[in-house]
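Single-structure report; data block below.
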Amino acid sequence: MKKRWVEYYTELPRLHALQIDRFVILLNATSVELHFFSDASLAAYGSCAYIRSSNGSGEVKVALLMSRSKVSPLKQQSTPRLELCGALLSAELYQKVSEALRITSKGYFWVDSTTVLSWLKATPFTWST
């Protein structure tokens with residue numbers, strides 16, 4: 001344990017060289033898109049938001065903006081229902097991100113559950129509680 005701690009301690013000065021780009025949108029961007037990915041398991045569900053910008057010269061930049069996750073309820077839920085909760089979380093993230101950035105850009109939502117996609121296409125009065 002001491003050896004691992006010493007290795008960790010000697011590596012700490014390398015953090016000064018760490019640089020994180022704070023600009024998430026390209027300068028002179030001609031298009032800006034928001035992409036939201038959601039997924040779920042029996043243990044938890046979550047969503048993450050990415051921003052994609054491109055300029056006239058064909059340069060493209062994609063950056064992670066934020067993510068949210070939640071632990072599944074104690075009462076057991078089906079995986080499709082949790083996937084739907086993840087999709088709802090994506091919609092809430094879209095609202096927060098678009099308000100915070102004060103931009104009107106097209107939002108794309110990605111989910112790997114065909115059940116959720118069919119639920120979202122259905123009319124609400126066909127759903128049961």
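Of all the residues in segment 79-113, those that are in contact with a helix residue (DSSP H, G or I) (Cβ under 8 Å, 6 or more places away or on another chain) and exposed (fewer than 10 other Cβ atoms within 10 Å of the Cβ) number 1. GLN76 meets all of the listed conditions (1) in a helix (DSSP H, G or I); (2) open to solvent by 90 Å² or more (accessible area, probe 1.4 Å); (3) of a type in the set (S, T, N, Q); (4) in contact (Cβ under 8 Å) with a residue 24 or more places away in the chain but one, namely (1). Checked against (1) surrounded by fewer than 17 Cβ atoms within 10 Å (Cβ to Cβ); (2) in contact (Cβ under 8 Å) with a residue 24 or more places away in the chain, LEU18 passes all but a single condition, namely (2). Screening VAL116 against (1) in contact with an Asp or Glu (Cβ under 6 Å, 6 or more places away or on another chain); (2) loosely packed, with under 12 Cβ neighbours inside 10 Å leaves a single unmet condition, (2).
Taken over segment 102-129, the criterion of being assigned to a loop (DSSP other than H, G, I, E, B) and within 18 Å of ARG52 (Cβ to Cβ) is satisfied by ARG102, ILE103, THR104, SER105. Has segment 75-91 got at least one residue that is closer than 13 Å to PHE36 by Cβ and basic (Lys, Arg)? Taking every residue of segment 75-91 in turn, none turns out to be closer than 13 Å to PHE36 by Cβ and basic (Lys, Arg).
Set side by side, the residues GLU83, GLU59 differ, and just one is in contact (Cβ under 8 Å) with a residue 24 or more places away in the chain, in contact with a strand residue (DSSP E or B) (Cβ under 6 Å, 6 or more places away or on another chain) and of a type in the set (Asp, Glu), which is GLU83. Screening segment 28-50 for residues that are in a strand (DSSP E or B), more than 17 Å from ALA87 (Cβ to Cβ) and among the aliphatic types (A, V, I, L, M) and picking the one that is farthest from the chain's Cα centre (by Cα) gives ALA29.
The values are calculated or read from the model by the stated rules, or taken from the named source; none is laboratory data. Computed from a predicted model, the values in this text were never measured in an experiment. Every residue, glycine among them, receives a Cβ derived from its backbone with ideal geometry; neighbour counts consider all protein chains shown. For the accessible areas, the whole protein counts, side chains as well, though only heavy atoms, and no ligand, DNA or RNA atoms are used. Shrake-Rupley method; radii C 1.70, N 1.55, O 1.52, S 1.80 Å.
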